[in-house]
Each structure stands twice: as structure tokens, then as C-alpha cells.
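Inspection log for the structure reproduced underneath, given as C-alpha cells.
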Amino acid sequence: MTKRILIVSAAISALFLLGACAPRVATLGNAPRKEQLAKIKPGQTKEQVREVLGSPSSVAMFDKNVWYYISKREESFAFFKPTVKEQKVLIVRFTDDGQVKDVKHLSLADAHNVKYVDDETPTLGREDGV
């Protein structure tokens, strides 16, 4: 009987170990489907684009006529940092009167690593005075 319990507990432990090795997949953002993208044509208004694709993930900070639809798929194992397996960015540019000017697709291959600068800007008011 104890031999059978050991075998069952070993089998259950092996299943837990194998289950822990399976990747966790997370899909984030707004990824328009191909049939939705086919409906976007130059000359359409912002409202027509919003009806087809939904609200954009982001609007350009300095140009309200550029909309971004951003999505990515990440995989992670156990407690390790997730890795990006797929990333898509759809950029919709509008004319000044709000009509679609062009549509551009970017993927993970188009991504660039950003190098941070360690410089500090000195500020006044940090010294004790009279």
C-alpha cells in the first residue's frame, strides 16, 4: 500500500513540475483583425475609423492627427521576466480636416532599444541659506 502511495505521489509531483514549465501567455493591447484593417481607406473620418477599430491605444502627444493601435504577446516561465514574442503597431495618420491620410504597420522587427542618459539637470533651491 505504501509503495502505491509513493508511486501516486511521485506521479502527481511530476505533473506539477511539468505544469510549472508551461509558458504563460499574455496578450495586451488592441490588435485589429485583418478584416477590420481592410475596411480602413484613405478619406475616411476619425469617427468612421473609431467605429471600425475602436478607440486608439494612444494618440501622438504633439500631433492629435496620429493614432496608434498597439498590441503585443508575451510569454513567461515561472518567475522569469516575460519575453515579447510578437508586437504590432498600427499607425493611422489623418489630414488636418480629420480624414485618413495613410496607414502604416510596424512589427517587433521595427522596434529599437532606447538607451537612457544618466545626466542630471541641476536645480536651484536645494542649498540651505539664511
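The values are calculated or read from the model by the stated rules, or taken from the named source; none is laboratory data. Keep in mind the model is a prediction, meaning the values are calculated, not measured. Glycine gets a Cβ as well: all are built from the backbone with ideal geometry, and neighbour counts include every protein chain shown. Areas reflect the complete protein model, heavy atoms only, side chains present, ligands, DNA and RNA absent. Shrake-Rupley method; radii C 1.70, N 1.55, O 1.52, S 1.80 Å.
Please determine, by comparing only the residues of segment 56-77 that are open to solvent by 50 Å² or more (accessible area, probe 1.4 Å), touching a residue at least 12 places away in the same chain (Cβ under 8 Å) and not in a strand (DSSP E or B), which one is farthest from L28 (Cα to Cα).
Going residue by residue through segment 56-77, those that are open to solvent by 50 Å² or more (accessible area, probe 1.4 Å) are 57, 59, 61-64, 68, 70, 72-73, 77.
Within this subset, residues satisfying the condition of being touching a residue at least 12 places away in the same chain (Cβ under 8 Å) are 57, 68, 70, 72-73, 77.
Narrowing the set further to residues that are not in a strand (DSSP E or B) leaves 57, 77.
Numbers: S57: 11, F77: 17 Å.
That would be F77.
Has segment 117-125 got at least one residue that is under 28 Å from R33 (Cβ atoms) and of a type outside the set (S, T, Y)?
Narrowing segment 117-125 to residues under 28 Å from R33 (Cβ atoms): none.
No: segment 117-125 contains no residue that is under 28 Å from R33 (Cβ atoms) and of a type outside the set (S, T, Y).
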Across segment 38-49, what is the total count of residues that are part of a helix (DSSP H, G or I), under 14 Å from T95 (Cβ atoms) and open to solvent by 40 Å² or more (accessible area, probe 1.4 Å)? 2
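Looking only at segment 1-37, count every residue that is at pLDDT 85 or above and either surrounded by 10 or more Cβ atoms within 10 Å (Cβ to Cβ) or over 30 Å from S57 (Cβ atoms) (or both) and tell me the total.
First pass over segment 1-37, keeping only residues at pLDDT 85 or above: 29, 32-37.
If we keep only those that are either surrounded by 10 or more Cβ atoms within 10 Å (Cβ to Cβ) or over 30 Å from S57 (Cβ atoms) (or both) too, we end up with 29, 32, 36-37.
Summing the residues that are at pLDDT 85 or above and either surrounded by 10 or more Cβ atoms within 10 Å (Cβ to Cβ) or over 30 Å from S57 (Cβ atoms) (or both) in segment 1-37 gives 4.
For (1) open to solvent by 70 Å² or more (accessible area, probe 1.4 Å); (2) in a loop (DSSP other than H, G, I, E, B), each residue gets a yes or a no:
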{"residue": "F79", "(1), (2)": "yes, yes"}
{"residue": "V84", "(1), (2)": "no, no"}
{"residue": "R93", "(1), (2)": "yes, no"}
{"residue": "K104", "(1), (2)": "yes, no"}
{"residue": "K115", "(1), (2)": "yes, yes"}
{"residue": "D119", "(1), (2)": "yes, yes"}
{"residue": "D128", "(1), (2)": "yes, yes"}
